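J.: Questions regarding the structure given below will be posed in turn.
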Amino acid sequence: MTTYERPAPDGVPAVAATAHDPYATVRVDPAETVPGTTNVTVTAEDGSERAYTLAWTDGGAQAPVTATAEPRCLAGKVYVAVRVTNEGDAPVDVAVSTPYGDRSFADVAPGKNAYHAFATRSASVDAGTVVVAVDGGAGQEVAHGARTC
């Protein structure tokens, strides 16, 4: 079974699933409340099954942070610079995930930043997103633009 945890602060999301194999069947058992789970079962033609669970959380009170992602040029290569500012009144742990690597920061003090420039090893990047998670919570996507150096 594969489980994904996602915030659903606006109620139970509708889930639709389609199998890539035309001979497979898909069953979706939706969550009734948040928190709750939606179960998706895919049954292959030979009867084997694969189960997926979407665990919905209410998102809880997220620590107040501001996050930005910006592509920058350095020596002809693009770096994606990510800055997360702790706007709260208590230290927070921050995790940043990008296609170019991951970075964690422990105990970012109130009013302080967590910052890292991720090397893309390329002279250009398309617009994209990075994921910022605070205190082990569900990550939030932060968009960045395209850039050519």
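J.: Looking only at the stretch 1-38, which residues are in a strand (DSSP E or B) and under 20 Å from the mean Cα position of the chain (by Cα)?
T.: T2, T3, Y4, E5, R6, P7, G36, T37, T38
J.: Right, next: Does at least one position in the stretch 1-18 carry a residue that is at pLDDT 90 or above and loosely packed, with under 14 Cβ neighbours inside 10 Å?
T.: No, there is no match, as no residue in the stretch 1-18 is at pLDDT 90 or above and loosely packed, with under 14 Cβ neighbours inside 10 Å.
J.: Look through the stretch 19-34, keep the residues that are β-branched (V, I, T) and farther than 17 Å from E45 by Cα, and return whichever of them is modelled with the highest pLDDT.
T.: My answer is V28.
J.: Residue by residue through the stretch 119-139, note down the ones that are part of a strand (DSSP E or B) and out of contact with any Cys (no Cβ under 8 Å at 6 or more places or on another chain).
T.: A119, V125, G128, T129, V130, V131, V132, A133, V134
J.: Then there is this: Select from the stretch 103-118 the residues that are loosely packed, with under 13 Cβ neighbours inside 10 Å and in a strand (DSSP E or B) and list them in ascending order.
T.: Those that are loosely packed, with under 13 Cβ neighbours inside 10 Å and in a strand (DSSP E or B): S104, A106, D107.
The values are calculated or read from the model by the stated rules, or taken from the named source; none is laboratory data. All of these numbers come straight from a predicted model, not from anything done at the bench. Note: ideal-geometry Cβ built from the backbone for every residue, glycine included; neighbour counts use all protein chains shown.
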